Amino acid sequence: MEFDELKIQPIDFKNHMETCIRFREDSFIVSFGSADRFHKEDGKGSERYIDRLKLKYEHDPESVVHIWLGNEIIGQMELGSLPIDPSKGYVNLYYLVPEQRGRGYSGSLEKYTEYYMKKRNYKLARLSVSPTNKRAVSFYLKNDWRDLGPRPGRPDVHFMEKCFSFDDQ
């Protein structure tokens, strides 16, 4: 599937599992200053993460995708339903490699999110963001996500919410 000059395709776990782990680790570093929360005390965070991604893929291959620019993977997205309310969509991860941030590609990620939500009839979606990740918060606000404040039980992250209108006019 193409969005502007980017290709968005389901993750190929056989060839790109380490890329998934590297991207998710970096997302924790950007949001929380380290990847310790990702790896957990037992150091098995990577294994649990890949197991969860594979389950998501089995349920819906379009929910775990890599973003390609030419022959290079420059990002990753994870989408699905909100665990506490499956009638709503949820964005688990928007990720672009550092050297591709600020080049306008995040708009394609937002387009893919709209495609994904529309196809599954989610008129409302949420995501969680660390308020210290100023660049991400700014992007979400510019793209009509509303900051709902601290996520219950997780004061270090905020819920953001977006309504989608799928009128084909």
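So the values come out like this:
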| read-out | value |
| --- | --- |
| Total residues in segment 116-160, condition touching a residue at least 24 places away in the same chain (Cβ under 8 Å) and surrounded by 13 or more Cβ atoms within 10 Å (Cβ to Cβ) | 24 |
| Conditions (1) among the small types (Gly, Ala, Ser); (2) open to solvent by less than 60 Å² (accessible area, probe 1.4 Å); (3) at positive phi; number of the one not met by Gly102 | (2) |
| Segment 94-110 residues that are within 15 Å of Leu127 (Cβ to Cβ), paired with ones that are among the polar types (S, T, N, Q) and crowded, with 16+ Cβ neighbours inside 10 Å (beta carbon under 6 Å, 6 or more apart) | Tyr95/Ser27; Tyr95/Gln76 |
| Residues satisfying the stated conditions in segment 140-157, i.e. under 25 Å from Tyr115 (Cβ atoms) and not hydrophobic (A, V, I, L, M, F, W, C) | Tyr140, Lys142, Asn143, Asp144, Arg146, Asp147 |
| Pairs with Cβ under 6 Å, 6+ apart, first in segment 19-40 and without any contact (Cβ under 8 Å) to a residue 40 or more places away in the chain, second among the basic types (Lys, Arg) | Phe28/Arg37 |
| Test result for Lys14, open to solvent by less than 90 Å² (accessible area, probe 1.4 Å), part of a helix (DSSP H, G or I) and farther than 21 Å from Ser128 by Cβ | no |
| Inter-residue pairs, beta-carbon under 7 Å, first more than 17 Å from Tyr116 (Cα to Cα) and open to solvent by 10 Å² or more (accessible area, probe 1.4 Å) and in segment 70-86, second outside any strand (DSSP E or B) and among the small types (Gly, Ala, Ser), 6+ apart | none |
| All strands (runs of 3 or more DSSP E) inside segment 23-116 with 3 or more residues being closer than 20 Å to Ser138 by Cα | 72-82, 85-96 |
| Evaluation of Ile8 against (1) assigned to a helix (DSSP H, G or I); (2) crowded, with 16+ Cβ neighbours inside 10 Å (one fails), failing number | (1) |
| Unmet criterion (only one of (1) among the acidic types (Asp, Glu); (2) more than 22 Å from Phe13 (Cα to Cα); (3) under 16 Å from the mean Cα position of the chain (by Cα)) for Glu78 | (2) |
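This table checks each residue for (1) surrounded by 12 or more Cβ atoms within 10 Å (Cβ to Cβ); (2) farther than 20 Å from Cys163 by Cβ; (3) out of contact with any helix residue (DSSP H, G or I) (no Cβ under 8 Å at 6 or more places or on another chain).
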position	(1), (2), (3)
His39	yes, yes, no
Asp42	no, yes, yes
Tyr49	yes, yes, no
Lys56	yes, yes, no
Lys88	yes, no, yes
Tyr94	yes, no, no
Ser108	yes, yes, yes
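The values are calculated or read from the model by the stated rules, or taken from the named source; none is laboratory data. Owing to the predicted nature of the structure, the values given are computational and were not obtained by experimental measurement. All Cβ positions, glycine included, derive from the backbone under ideal geometry; neighbour counts span all protein chains shown. Quick note on the areas: whole protein, heavy atoms, side chains included, nothing else; ligands and nucleic acids left out. Shrake-Rupley method; radii C 1.70, N 1.55, O 1.52, S 1.80 Å.
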